[in-house]
Amino acid sequence: MADEKQRKTLDQRHRMSDLERLRHSCAHVMATAIARLWPDAQFAAGPPVEGGYYYDVELAHRISPDDFPVIEDEMKKVVKENQTFERAVVSREEAIEMAQKGRLAALGERDTPSTFKIDLLKDIPEDEEILLYKNGDFWDLCAGPHVGRTGNCKAFKLMSVASAFYKGDASNPQLQRIYGTCFKNKTLLQEHLERLEEAKKRDHRKLGREMGLFHFDEMVGQGLPLWKPKGGIIRRELQEFISGELDKQGYHQVFTPHIGKLDLYRTSGHFPFYEESQYPPFAEREALRKLGDEGCTCGELMNALRTGEVEGFLLKPMNCPHHIRIFDSDHHSYRDLPVRLAEFGTVYRWEQSGELGGLTRTRSFTQDDAHLFCTPEQLGDEIQGCLGLVKTVFGVLGMTEYTVRLSLRDPESDKYVGDPANWDKAEEALREAVRTLGVDYTEEPGEAAFYGPKIDFVVKDVIGREWQLGTVQVDYNLPERFDLSYVGADNRPHRPVMIHRAPFGSLERFCGLLIEHFEGKFPVWLAPEQVRVLPISEKHNQYAEGTVAALAEAGVRVKSDLGGDKIGAKIRLARMDRVPYMLVIGAREEESQNVSVRHRDRDDLGTMTLNDFVGQVCEEIRNRSL
RNA sequence: GCUCAUGUAGCUCAGAGGUAGAGCGCGUCCUUGGUAAGGACGAGGUCGCGGGUUCAAUUCCCGCCAUGAGCUCCA
């Protein structure tokens, strides 16, 4: 697996774009500057990444953003010196000798060897040649390629410093990772920095607070979102939208408790296998009392829960076991299949504290979950149905910026359960379905769940992080573990295949990305407040209230601003609240029984009768127009 | 979970070893104004929580909690 990844990066290096080549070269310029400032620096890897580059360094001095100007000044000198990037092919022995003398990723020989470079050398396959690059006195182990001269790195900036485990392994030491970016010229760099600033304004955490959509409360707990009334409206609208689609596609909605007996999860295999990422189980009161009387320790209690000696309950980390028990509560003939059970199911997972963030990663979240039980023959059609649903959902919301990932098993690994022949069938069924979908997709070997392959829809957030939203997963494992069966045409029992699917994935995460996608400017059907009525003076408050009543009667979410502000201020406020429609009401409107319509983005839409406006807005809501 | 940073009014932030300030928001009053900010006055803070150093801590030190970035993880 590590080799696989290593190989991939190597491949990518040889296929670098011009910009990546420039950024990769800038990483060397930065390393040169750091080596001048701190000669004891030990460098690991320094590749280009989306938006820039980084270089990992081990250094006694803790680099902070305060050091950036100093490093950048030194980098400017290196750029000004306009050193040539020279490529050298050396023997393995020569490379190792240089590394032993501390000569790699350094400006001269040192007392200490270039430890990380020695280790990286070991990872280069025997049949591959060893490449070094040098600029000035700075030699580095590097497959390249690079730009011609350091003078090409004209427009760069150091962005941030963080830490990263060496080779991405949490058991390895942590290095300081310094991020920078580089562009062909200063204008492009400036534009990039402005884009980043703009993007931050769309951050769902910022907008969520400003717009009063959700709240995280220290007293409630980390990663446990509270949906406020306005966010609640968005969530409810999304659920109603999905429910409508489910009805069309022959799903049955079910409701299940938020907890289940540990035995349920022992059978599914999730306990104690995923114990570390679950809220701890709780024992029955009687059992606790008895163990307490016996002077049992917490450790002993946990062990007893693990072995099943003491029965306990778990907050549900997923909905599948409950749905499986619903399926299994009836006898099924092949004529009944597929059975499609759906639920907006809230699940609880003990995510690592450092992983939590806004709505995108939480400890309680609600999946728009469903489990389909079908015959092996039905699998292909059912997958296509699921993918179609995901595509429909994304389409209605205008989310076109997604990538599709087909996650397959790693044929080398033994972590996967089930019959390889079934895996082949499932992978082929998914591949076939995603092709039919007509979108670009990437195949990712080794990314499958342990119980089956899957297709994920992935969307980026404002700072470029990728998040999995919609997912369709094939599962041969759980039907086996729960010994599910249906009666076939041959009157004999057969094992159904299960599909797990969720178009949104998690409502929390989806809403987070949706907020960023719309910049808080939701389409009318989703907007918490759809229309605001703005009387020009208090003389028209009564007519305004009548207008509000008429809209509310028609099912429109409407409010009025009856305060003493001037109309300009009221408009400003409504726009900042991102209300789609504003109705300006004054003497002229009251006289003619009309309303003046203004849109948050399209400005003045002219005057029309209240009835016409109600008709238009209701139509827009009904169609879920964008 | 790890590394680093941050935590001051509802929000955005300034500040200094001697118990606090701005803008916005909020409240009251004046203004009744035609398409992105009318005016006056006022209320609001145990300076995240708990220890320590000090005559004195919101400020310095330690621990915890929370948030952010990155890494690791994600059934």
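Can you go through A:LEU406, A:LEU478 and tell me which one is buried (at least 16 other Cβ atoms within 10 Å of the Cβ), within 30 Å of A:LEU359 (Cβ to Cβ), over 21 Å from the mean Cα position of the chain (by Cα) and not β-branched (Val, Ile, Thr)? Answer to the selection: A:LEU478. Under the condition of being more than 21 Å from A:PHE522 (Cβ to Cβ), of a type outside the set (Gly, Ala, Ser) and either more than 13 Å from RNA strand B (Cβ to nearest atom) or part of a strand (DSSP E or B) (or both), the residues counted in the range A:548-584 number 2. Answer yes or no: is there a residue in the range A:454-471 that is under 13 Å from A:LEU379 (Cβ atoms) and among the aromatic types (Phe, Trp, Tyr). No: zero hits.
Selection within the range A:33-48: residues that are in contact with a strand residue (DSSP E or B) (Cβ under 8 Å, 6 or more places away or on another chain) and either farther than 16 Å from A:ASN135 by Cβ or among the aliphatic types (A, V, I, L, M) (or both). The member of this set that is surrounded by the most Cβ atoms within 10 Å (Cβ to Cβ) is A:ILE34. Does A:GLN239 satisfy the criteria of being more than 15 Å from RNA strand B (Cβ to nearest atom), within 24 Å of A:GLU351 (Cβ to Cβ) and either out of contact with any Gly (no Cβ under 6 Å at 6 or more places or on another chain) or not in a helix (DSSP H, G or I) (or both)? Yes: the conditions hold for A:GLN239. Sub-7 Å Cβ pairs linking a first residue in the range A:172-192 that is over 20 Å from A:HIS28 (Cβ atoms) to a second residue that is within 16 Å of RNA strand B (Cβ to nearest atom) and in a strand (DSSP E or B), at least 6 apart or interchain, are A:ASN172/A:PHE165; A:GLN174/A:SER163; A:GLN174/A:ALA164; A:GLN174/A:PHE165; A:HIS192/A:THR181, ordered by first then second residue. Considering only the range A:457-472, I want to know if a residue exists there that is among the polar types (S, T, N, Q), within 16 Å of RNA strand B (Cβ to nearest atom), out of contact with any helix residue (DSSP H, G or I) (no Cβ under 6 Å at 6 or more places or on another chain) and more than 26 Å from A:ASP414 (Cα to Cα). No, the range A:457-472 contains no residue that is among the polar types (S, T, N, Q), within 16 Å of RNA strand B (Cβ to nearest atom), out of contact with any helix residue (DSSP H, G or I) (no Cβ under 6 Å at 6 or more places or on another chain) and more than 26 Å from A:ASP414 (Cα to Cα).
Scanning the range A:261-279 for residues that are in contact with a helix residue (DSSP H, G or I) (Cβ under 8 Å, 6 or more places away or on another chain), within 12 Å of RNA strand B (Cβ to nearest atom) and either among the β-branched types (Val, Ile, Thr) or not in a helix (DSSP H, G or I) (or both) yields A:GLY269, A:HIS270, A:PHE271, A:PRO272.
Consider A:ARG509 carefully, then state whether it is within 18 Å of A:GLY380 (Cβ to Cβ), under 17 Å from the mean Cα position of the chain (by Cα), surrounded by 22 or more Cβ atoms within 10 Å (Cβ to Cβ) and in contact (Cβ under 8 Å) with a residue 40 or more places away in the chain. Walk me through it before giving the result.
On the way: within 18 Å of A:GLY380 (Cβ to Cβ): no; under 17 Å from the mean Cα position of the chain (by Cα): yes; surrounded by 22 or more Cβ atoms within 10 Å (Cβ to Cβ): yes; in contact (Cβ under 8 Å) with a residue 40 or more places away in the chain: yes.
Answer is no for this residue.
Taking the range A:84-163 as the region of interest, the strands (runs of 3 or more DSSP E) fully inside it that hold 3 or more residues being surrounded by 16 or more Cβ atoms within 10 Å (Cβ to Cβ) are A:130-135, A:138-141. The number of residues in the range A:489-506 being surrounded by fewer than 18 Cβ atoms within 10 Å (Cβ to Cβ) and out of contact with any Ser or Thr (no Cβ under 8 Å at 6 or more places or on another chain) comes to 4. Kindly check whether there is at least one residue in the range A:111-119 that is in contact with a Phe, Trp or Tyr (Cβ under 9 Å, 6 or more places away or on another chain), farther than 20 Å from A:ILE71 by Cα and of a type in the set (Phe, Trp, Tyr). Checking the range A:111-119: at least one residue is in contact with a Phe, Trp or Tyr (Cβ under 9 Å, 6 or more places away or on another chain), farther than 20 Å from A:ILE71 by Cα and of a type in the set (Phe, Trp, Tyr).
Please go through the range A:164-175 and pick out each residue that is within 7 Å of RNA strand B (Cβ to nearest atom) and not in a helix (DSSP H, G or I). Residues satisfying the conditions are A:ALA164, A:PHE165, A:ASP169, A:ALA170, A:GLN174.
Is the range A:309-325 home to any residue that is surrounded by fewer than 12 Cβ atoms within 10 Å (Cβ to Cβ), outside any helix (DSSP H, G or I) and either under 38 Å from the mean Cα position of the chain (by Cα) or modelled with pLDDT of 95 or more (or both)? No, the range A:309-325 contains no residue that is surrounded by fewer than 12 Cβ atoms within 10 Å (Cβ to Cβ), outside any helix (DSSP H, G or I) and either under 38 Å from the mean Cα position of the chain (by Cα) or modelled with pLDDT of 95 or more (or both).
Contact annotation: residue pairs with Cβ atoms under 9 Å, 6 or more positions apart or on different chains, pairing a residue in the range A:383-411 that is free of Cβ contacts under 8 Å to residues at least 24 places away in the same chain with a partner that is part of a helix (DSSP H, G or I), are A:THR400/A:PHE394. A:SER537 - would you say it is polar (S, T, N, Q), surrounded by fewer than 24 Cβ atoms within 10 Å (Cβ to Cβ) and within 30 Å of A:ALA587 (Cα to Cα)? Considered against the rule, which asks whether it is polar (S, T, N, Q), surrounded by fewer than 24 Cβ atoms within 10 Å (Cβ to Cβ) and within 30 Å of A:ALA587 (Cα to Cα), A:SER537 comes out as yes. If you go through the range A:339-363, how many residues are within 12 Å of RNA strand B (Cβ to nearest atom) and either surrounded by 18 or more Cβ atoms within 10 Å (Cβ to Cβ) or in a strand (DSSP E or B) (or both)? Here the count works out to 10. Within the range A:587-603, the set of residues being near RNA strand B (Cβ under 7 Å from one of its atoms) and more than 38 Å from the chain's Cα centre (by Cα) comprises A:ALA587, A:ARG588, A:GLU589, A:SER596. Scanning the range A:66-83 for residues that are loosely packed, with under 15 Cβ neighbours inside 10 Å and over 22 Å from A:PRO145 (Cβ atoms) gives A:ASP66, A:PRO69, A:VAL70, A:ASP73, A:LYS77, A:LYS80. In this entry, A:SER333 is excluded by the filter for residues that are of a type in the set (Ser, Thr, Tyr), surrounded by fewer than 21 Cβ atoms within 10 Å (Cβ to Cβ), away from RNA strand B (no atom under 16 Å from the Cβ) and free of Cβ contacts under 8 Å to residues at least 60 places away in the same chain.
The values are calculated or read from the model by the stated rules, or taken from the named source; none is laboratory data. All values reported here derive from a predicted model rather than from experimental measurement. Counting neighbours? That spans all protein chains shown, and the Cβs are built from the backbone with ideal geometry, glycine included.
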